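Chemist: Okay, handing you the structure first.
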Amino acid sequence: MTEPDRSLRDEVLAGLAARPRRLHCKLFYDLEGSRLFEEICAQPEYYLTRSEIDILTRHGDDIAGALGENVTLVELGSGSSTKTRLLLDALDAPAAYVPVDISAEFLDESAASLRAAYPRLRIVPVAADFTAAMPAVDELDVPAERVVTFFSGSSIGNFEPSAASELMAAAAEIGGADGRLLIAADLRKEGHVLEAAYDDAAGITAAFNLNILARLNRDLAADFDVDGFHHRAVWNADASRIEMHIVSRRPQRVRLGDAALDFGEGEVIVSEHCYKYTVDGFAEMGRSVGLDREALWLDADGRYSLHLFRQAP
């Protein structure tokens, strides 16, 4: 077993030993998980992608004007970069694009597609876990005079509030004192709308969630019976978050390396929290770590937001 695999195994075992049991949401994004997430984005219940596309389409010129010309765009958790193309098309002579993603295979596919679409744009993909360390732009041979960090998809909601605010501060610092953070945040809305978005009728989100177990079988030689678990998504209004669970269908024992893990019927593994915000609450979260909001854009329905922050002077 390689050192990265040992580190992953230890992290997974620590999470599964906790109560409630937990798995980090970064485990979603192997090659198969990344592809499943692209399918999720196309589901009718998953409004988040359509809402963000609406903002980038209707407000693209305003956003580009706020960011300025000759921008180096650094995208965290870039995925397929599909929505980013709308932003790149709107920007005035972007200097470079740096997609950062944890799935190296998926990143290579996306970068190849982008290079074909934007042959004159410098594209420097970075395969990395940005939650562990942010990319250093000055080490990437890209213009660093005006850097904007883009964090789309309301992925900031996957982090607990204290960790989310710290991540925002670190992301804003990528571009130095004059850098900007362009970040999407999903807003609070009816519980049934939220639960449907994270438990689509086609079962794509369920497959995405359970793929974590399949990945542990592939990468760490675990023996999860994937069919012995099911997906669940519930809205916790008090905490303002969707909670994604992997639920054991029956009493069962799972082996992972030398460890034996006993699950009871109905026992839960928490795989993800997706926090939802208010416009003012998200701005306050930025202020708590020294970020001032310069601009705000909403989708046509007012249920999704895009914020531009800079470090306070």
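The values are calculated or read from the model by the stated rules, or taken from the named source; none is laboratory data. Only a predicted model underlies this, so the values are computations on that prediction, with no experimental measurement involved. Glycine gets a Cβ as well: all are built from the backbone with ideal geometry, and neighbour counts include every protein chain shown.
Chemist: Report, by residue number, each residue of the range 112-143 that is surrounded by 15 or more Cβ atoms within 10 Å (Cβ to Cβ), of a type in the set (A, V, I, L, M) and within 21 Å of the chain's Cα centre (by Cα).
Modeler: Residues satisfying the conditions are Leu114, Ile123, Val124, Val126, Ala127, Ala128, Met134, Val137.
Chemist: Now for a separate question. Taking the residues in the range 262-286 that are assigned to a strand (DSSP E or B) and more than 21 Å from the chain's Cα centre (by Cα) as candidates, determine which candidate is surrounded by the most Cβ atoms within 10 Å (Cβ to Cβ).
Modeler: Looking at residues that are assigned to a strand (DSSP E or B) and more than 21 Å from the chain's Cα centre (by Cα), I get Phe263.
Chemist: Report, by residue number, each residue of the range 64-82 that is at pLDDT 90 or above and surrounded by fewer than 20 Cβ atoms within 10 Å (Cβ to Cβ).
Modeler: Answer for the range 64-82, where residues must be at pLDDT 90 or above and surrounded by fewer than 20 Cβ atoms within 10 Å (Cβ to Cβ): Ala64, Gly65, Ala66, Gly68, Glu69, Asn70.
Chemist: Among the listed residues Ala169, Ala201, Ala144, which satisfies the condition of being more than 20 Å from Asp299 (Cα to Cα) and either among the aromatic types (Phe, Trp, Tyr) or part of a helix (DSSP H, G or I) (or both)?
Modeler: None of the others qualify; the one that does is Ala169.
Chemist: Can I ask one more? How many of the residues in the range 198-256 are of a type in the set (D, E, K, R), out of contact with any Gly (no Cβ under 9 Å at 6 or more places or on another chain) and farther than 20 Å from Leu187 by Cα?
Modeler: Residues meeting the conditions: 8.
Chemist: Still on this structure: Got at least one residue in the range 83-91 being of a type in the set (Ser, Thr, Tyr) and either over 23 Å from Asp178 (Cα atoms) or modelled with pLDDT of 95 or more (or both)?
Modeler: Taking every residue of the range 83-91 in turn, none turns out to be of a type in the set (Ser, Thr, Tyr) and either over 23 Å from Asp178 (Cα atoms) or modelled with pLDDT of 95 or more (or both).
Chemist: Looking for something buried (at least 16 other Cβ atoms within 10 Å of the Cβ) and of a type in the set (Val, Ile, Thr) - is there at least one such residue anywhere in the range 1-8?
Modeler: No - not one qualifying residue is present in the range 1-8.
Chemist: Right, His245: buried (at least 18 other Cβ atoms within 10 Å of the Cβ), within 23 Å of the chain's Cα centre (by Cα) and closer than 30 Å to Thr2 by Cα or not?
Modeler: Yes; evaluated as a whole, the condition is true for this residue.
Chemist: Right, next: Considering only the range 15-55, how many residues are closer than 24 Å to Val124 by Cβ and free of Cβ contacts under 8 Å to residues at least 60 places away in the same chain?
Modeler: Residues that pass the stated criteria total 1.
Chemist: Taking the range 172-198 as the region of interest, how many residues are in contact (Cβ under 8 Å) with a residue 40 or more places away in the chain, part of a helix (DSSP H, G or I) and either of a type in the set (Gly, Ala, Ser) or under 16 Å from Phe282 (Cα atoms) (or both)?
Modeler: Total satisfying the criteria: 5.
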